[in-house]
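Everything below concerns the one structure shown next.
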Amino acid sequence: MKGSDLLRIVDEMQHQKNIEREIIFAGIESALQLAAEKKFGEGAGVIVNIDRDTGDIVAKRGEDSLDPAEFGRIAAQSAKNVMIQKIREAECSSVFNEYQAMKGDLVHGAVTRADGGACIVNLGKTESILPRGEQIPGETHHMNERIKAVILEVKKQGHRVKIVLSRTHPDFVRRLFEGEIPEIKERTIEIKAIAREAGYRAKIAVSSVDMKVDCVGACVGVRGSRIKNIVDELGGERIDIVRWNESLQVMIPNALQPAAIDEVFLYPRMGRAIVLVKEDQLSLAIGRRGQNVRLASKLVGWDIEIMTMDELNESIDRAENWFSQIPGITPELVEMFITEGFMSYVDITFIEPADLSELGAIPVELAAEIVQFAEDAAERLEREPPPEEPAEDESAGRTLAATLPETETVPSEEASTEAGEAPVAEESAPVETAAEENPVAEETPPEPTIVSENPVENTDTPHVPTEEPPPH
């Protein structure tokens with residue numbers, strides 16, 4: 001083979017496979033070296049080099065020059081197999097490096113086939129997989145459909161590269177906003193945080209670098225014109241856009257919109273926030289199956305507990321009663337626990353004895369005994385059967401957001417209703433009624449029992465009617 005022909009082949013492979021020229025030259029040299037060793041033996045001292053400028057192959061055995069054509073057919077076939085393997089490895093590494101750098105980016109592709117709910121998507125240079133668990137609940141994809149997704153994971157499997165896509169990851173919403181909102185792409189508006197339950201609801205916190213630009217209004221657009229394409233791409237998923245604030249006293253009420261918040265208590269040591277609301281705002285703040293408070297908790301990164309003032313007082317009284325039973329504890333230490341946000345024995349178990357000793361100005365031995373007592377008491381309370389709790393509508397959602405389930409299956413009728421509504425975000429955060437947020441509130445209360453105003457005192461004696469006189 002002429003050197004010019006070899007250079008042309010190398011250049012074509014570099015262009016088509018995106019492989020560096022040096023890797024291709026090294027692969028050809030290794031293949032020819034193997035062919036020479038098969039012909040003359042491993043200890044023959046044959047050296048093969050390729051001139052990178054001219055493409056000429058120089059093979060020497062000691063001081064003697066060799067013609068590669070003399071290596072033989074079997075040696076040439078072995079060299080071909082080695083060269084193909086080297087090129088495949090280089091191609092695999094090239095694809096891996098390219099898509100590894102694109103991790104989290106938005107890509108487009110066509111569905112080539114569906115296998116057990118998962119979709120194989122052709123990205124052009126290679127194929128990727130969109131697992132069923134990374135698809136938006138309720139959506140189905142068909143052959144040749146073009147879809148958008150973000151690259152979730154890139155890993156090597158032998159000589160192949162496995163690329164996993166996702167349409168449920170929060171970064172998918174982020175990339176859609178960057179593509180639809182020019183101010184976000186230009187970095188005038190910044191997305192600070194995203195919390196999402198794919199297919200149902202998402203909360204996005206945004207802030208503006210330019211004080212003249214309304215970050216919420218710019219994302220929504222006039223009558224929701226800008227966000228409409230995003231909502232359609234997400235299958236009607238509801239999106240709440242809230243204004244970011246560094247102060248949690250302001251950010252937490254923003255995150256819990258559309259509920260009206262009375263007061264926020266922050267406990268940094270526990271990473272907990274207790275939010276007080278009025279009774280009529282309780283179901284709205286909690287959301288359907290705890291969804292609103294759960295997403296707000298993810299958005300701000302704190303555990304959020306929704307309470308009324310009466311419930312907060314009851315929690316404090318219960319905690320004081322529990323803590324006063326700890327041997328060796330003082331009223332000042334009980335008050336310190338309440339002030340720091342400790343509301344149960346379980347909360348005390350999360351603090352180290354050394355930290356408790358420093359916090360309460362008590363000996364380390366006493367702090368260790370307190371923590372040990374709290375651990376034993378928490379286990380004992382966990383084993384005991386729980387007392388009768390009030391009805392679901394009185395207690396649903398009052399626990400910490402961290403203890404709520406991540407996602408819950410919505411009945412098919414509700415899912416189809418939500419998907420059919422195709423909600424569009426308003427300039428301010430969308431407002432829901434308490435009935436919409438908490439389906440428990442929609443239940444019809446039982447009929448009241450009617451009590452007579454003049455009850456009969458002796459109900460044991462049957463009433464005997466008097467006989468009427470016969471008519472004259």
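The values are calculated or read from the model by the stated rules, or taken from the named source; none is laboratory data. These numbers come from a predicted model, not from an experiment. For neighbour counting, all protein chains shown are included, and Cβ atoms are generated from backbone atoms with ideal geometry for every residue, glycine included. When the accessible area is computed, the model is the full protein with side chains, heavy atoms only, and any ligands, DNA or RNA have been set aside. Shrake-Rupley method; radii C 1.70, N 1.55, O 1.52, S 1.80 Å.
For segment 191-209, which positions are open to solvent by 10 Å² or more (accessible area, probe 1.4 Å), within 18 Å of PHE172 (Cβ to Cβ) and not hydroxyl-bearing (Ser, Thr, Tyr)? Reasoning before the result, please.
Looking only at segment 191-209, we keep the residues that are open to solvent by 10 Å² or more (accessible area, probe 1.4 Å), and these are 191-194, 196, 198-200, 207-209.
Okay, now just the ones that are also within 18 Å of PHE172 (Cβ to Cβ), so 191-194, 196, 198-200.
Selection gives ILE191, LYS192, ALA193, ILE194, ARG196, ALA198, GLY199.
Would segment 313-331 turn up any residue that is open to solvent by 20 Å² or more (accessible area, probe 1.4 Å), at pLDDT below 90, aliphatic (A, V, I, L, M) and over 35 Å from the mean Cα position of the chain (by Cα)?
Yes: segment 313-331 contains one or more residues that are open to solvent by 20 Å² or more (accessible area, probe 1.4 Å), at pLDDT below 90, aliphatic (A, V, I, L, M) and over 35 Å from the mean Cα position of the chain (by Cα).
Quick check on my filter: what residues within segment 70-89 are open to solvent by 70 Å² or more (accessible area, probe 1.4 Å) and either of a type in the set (Phe, Trp, Tyr) or at pLDDT below 70 (or both)?
GLU70, ILE74
List, please: which pairs have Cβ atoms under 8 Å, are six or more places apart or on different chains, and start with a residue in segment 10-34 that is part of a loop (DSSP other than H, G, I, E, B) and end with one that is among the basic types (Lys, Arg) and surrounded by fewer than 19 Cβ atoms within 10 Å (Cβ to Cβ)?
From segment 10-34, the pairs are ASN18/LYS125.
Looking at ILE194, ILE189, which is the one that is out of contact with any Leu (no Cβ under 8 Å at 6 or more places or on another chain) and at negative phi?
Unique residue meeting the criteria: ILE189.
Anything in segment 164-190 that is open to solvent by 20 Å² or more (accessible area, probe 1.4 Å) and in a strand (DSSP E or B)? List them, or say none.
GLU190
Determine, yes or no, whether ALA255 is within 30 Å of ILE351 (Cα to Cα), crowded, with 23+ Cβ neighbours inside 10 Å and at pLDDT 90 or above.
yes
Which one is surrounded by the fewest Cβ atoms within 10 Å (Cβ to Cβ) among residues in segment 282-312 that are of a type in the set (A, V, I, L, M) and not in a helix (DSSP H, G or I)?
First, the residues of segment 282-312 that are of a type in the set (A, V, I, L, M): 282, 284-286, 293, 295-296, 299-300, 304, 306-307, 309, 312.
Filter again for not in a helix (DSSP H, G or I), leaving 304, 306-307.
Values: ILE304: 26, ILE306: 29, MET307: 18.
Once the filter is applied, the top-ranked residue is MET307.
So LYS39 passes all but one of these: (1) part of a loop (DSSP other than H, G, I, E, B); (2) charged (D, E, K, R); (3) open to solvent by 70 Å² or more (accessible area, probe 1.4 Å). Which condition number does it fail?
The single condition LYS39 does not satisfy is (1).
Just one of (1) crowded, with 18+ Cβ neighbours inside 10 Å; (2) touching a residue at least 40 places away in the same chain (Cβ under 8 Å); (3) under 17 Å from GLY199 (Cα atoms) trips up VAL107, so point out which.
(3)
What are the pairs, 6+ residues apart or on separate chains, where a residue within segment 292-320 that is under 28 Å from VAL334 (Cβ atoms) has its Cβ under 8 Å from a residue that is aromatic (Phe, Trp, Tyr) and buried (at least 17 other Cβ atoms within 10 Å of the Cβ)?
These pairs meet every condition: ALA319/PHE337; ALA319/PHE342.
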